[in-house]
Amino acid sequence: MTILLGAGSARLRPFESADEAGVLELLAADRLPGQPACSAWMLADAVAGRSAADLDVWAALEGTVITTVLCTPGGHIAGVISCAGQPGDGTVLLLWLHCREDFSTAQALIAQALECCASRPVHAFTLACAVTRGLVGLPGYRRRVTREALQAAGFTIRGGRRYLRAELPIAGLPHVADFQMKDTDSPWGKHLEVRRSGHVLAQATLEGPVDGVGLIRSITVAPHARGQGMGVGLLGSALDVLVGLGAREAIVYLDEPGADPERDPAVALRTYAASDFTEVDRLLTFARLPAPSPVPD
């Protein structure tokens, strides 16, 4: 269905294959450092509701993803939004939105997404989509206009992660004395473990480089082994492994306090910052809850 936004103005309509080039331009304009350029097949997966991350969640959304574009009178693609319905609880998911940071475009796209679900909860940017590499959340600094449009529509910030990046190699980092390493797949990479007397003291999970960028999925240290430099030592060894795989950069997503009681994000952030990682952006998730029903007299 096509929706006209006033005579001679833009119109909203479902995504078509002919829109591919225009949507890829929108995605390229918002690409963050360390993220791969979105390809035609990545976009096709996103529109179809497929993603290598959170496979079970995406499988449950199959057939519910709707992608809408906003076209100018001249046929230019000014914005795009993709949403899905979560089976079971009726929650609506706003998966991804791009609009060249134009407030009126973002506002029109969000309004269209909310038109049919005003009485249902809506969660925004809570899943890793195929158009990025495992990135969950809206970049709050670089996508400030989209953030403000969401908040103007009644969304509130519900959580966040920090997105960090470093160029490789990094000189001067400590290393663990020895570790065990094995291959992983789906996605491909390496898993490192530091063991003593048969017990795992620290471990790291890495994704191999894509376009020269490796991803640190996690580095954890057992509670009784903390405070001994094991975390930064394993980080140094992990980065060497990524360099050996061909990585020229490394990225990591850090949860903010409260996300995992077993980890201290502040310590992790200090470790990465001291190891030449810099913050690219803060990734935000949002929710819009329906107003409570009035209590009858």
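The values are calculated or read from the model by the stated rules, or taken from the named source; none is laboratory data. None of the values given here were measured: they were computed from a predicted structure. Note that each Cβ is placed from the backbone with ideal geometry, even for glycine, and that neighbours are counted across all protein chains shown. Calculation scope for accessible area: heavy atoms of the full protein, side chains included, ligands and nucleic acids excluded. Shrake-Rupley method; radii C 1.70, N 1.55, O 1.52, S 1.80 Å.
For the range 194-217, give me each residue that is open to solvent by 30 Å² or more (accessible area, probe 1.4 Å) and part of a strand (DSSP E or B).
The answer is R195, R196, H199, V200, Q203, T205, V210, R217.
Give the number of residues within the range 112-163 that are assigned to a helix (DSSP H, G or I), open to solvent by less than 60 Å² (accessible area, probe 1.4 Å) and either of a type in the set (G, A, S) or without any contact (Cβ under 8 Å) to a residue 12 or more places away in the chain (or both). Steps first, answer last, please.
Residues of the range 112-163 that are assigned to a helix (DSSP H, G or I), as a first pass: 112-114, 144-152.
Now narrow it down to the ones that are open to solvent by less than 60 Å² (accessible area, probe 1.4 Å): 112-114, 145-147, 149-150.
When the remaining residues are screened for being either of a type in the set (G, A, S) or without any contact (Cβ under 8 Å) to a residue 12 or more places away in the chain (or both), the result is 113, 149.
The number of residues fulfilling the criteria is 2.
Only residues that are open to solvent by 30 Å² or more (accessible area, probe 1.4 Å) and assigned to a strand (DSSP E or B): list them for the range 219-233, please.
I219, T220
For the range 76-94, indicate whether the set of residues that are modelled with pLDDT under 95, out of contact with any helix residue (DSSP H, G or I) (no Cβ under 8 Å at 6 or more places or on another chain) and among the acidic types (D, E) is non-empty.
The answer is yes, given that some residue of the range 76-94 is modelled with pLDDT under 95, out of contact with any helix residue (DSSP H, G or I) (no Cβ under 8 Å at 6 or more places or on another chain) and among the acidic types (D, E).
Please go through the range 82-115 and pick out each residue that is more than 18 Å from the chain's Cα centre (by Cα) and under 14 Å from T68 (Cα atoms).
T105, A106, Q107, A108, L109, I110, A111, Q112, A113, L114, E115
Which pairs do you get when a residue that is more than 11 Å from G22 (Cα to Cα), found in the range 57-82, comes within reach of a residue that is of a type in the set (S, T, Y) and not in a strand (DSSP E or B), reach meaning Cβ atoms under 9 angstrom, with the pair 6+ apart or on two chains?
Hits for this filter: V57/S51; W58/S51; T72/S9; P73/S9.
Restricting the search to the range 42-83, which residues are open to solvent by 40 Å² or more (accessible area, probe 1.4 Å) and on the phi > 0 side of the Ramachandran plot?
Within the range 42-83, D54, G63, G75 meet the criteria.
Run L12 past the list (1) touching a residue at least 60 places away in the same chain (Cβ under 8 Å); (2) open to solvent by 20 Å² or more (accessible area, probe 1.4 Å); (3) farther than 29 Å from R162 by Cα and report the number of the one that doesn't hold.
Answer for L12: the failing condition is (2).
For the range 133-148, which positions are over 11 Å from G160 (Cβ atoms) and over 9 Å from the mean Cα position of the chain (by Cα)?
Step one: filter the range 133-148 for residues over 11 Å from G160 (Cβ atoms), giving 133-135, 141-148.
Across the range 133-148, the qualifying residues are Y141, R142, R143, R144, V145, T146, R147, E148.
Select from the range 86-111 the residues that are open to solvent by less than 40 Å² (accessible area, probe 1.4 Å) and among the small types (G, A, S) and write down the one among them that is nearest to A46 (Cα to Cα). Steps first, answer last, please.
Step one: filter the range 86-111 for residues open to solvent by less than 40 Å² (accessible area, probe 1.4 Å), giving 90-99, 105-106, 108-110.
Next, from what is left, pick out any that are among the small types (G, A, S): 90, 106, 108.
Values: G90: 21, A106: 19, A108: 21 Å.
Filtering the range 86-111 for residues that are open to solvent by less than 40 Å² (accessible area, probe 1.4 Å) and among the small types (G, A, S), the one nearest to A46 (Cα to Cα) comes out as A106.
Might you let me know whether the range 110-121 holds any residue that is closer than 28 Å to G34 by Cα and of a type in the set (G, A, S)?
Of the range 110-121, the ones closer than 28 Å to G34 by Cα are 110.
Subset that is of a type in the set (G, A, S): none.
Scanning the range 110-121, I find no residue that is closer than 28 Å to G34 by Cα and of a type in the set (G, A, S), so the answer is no.
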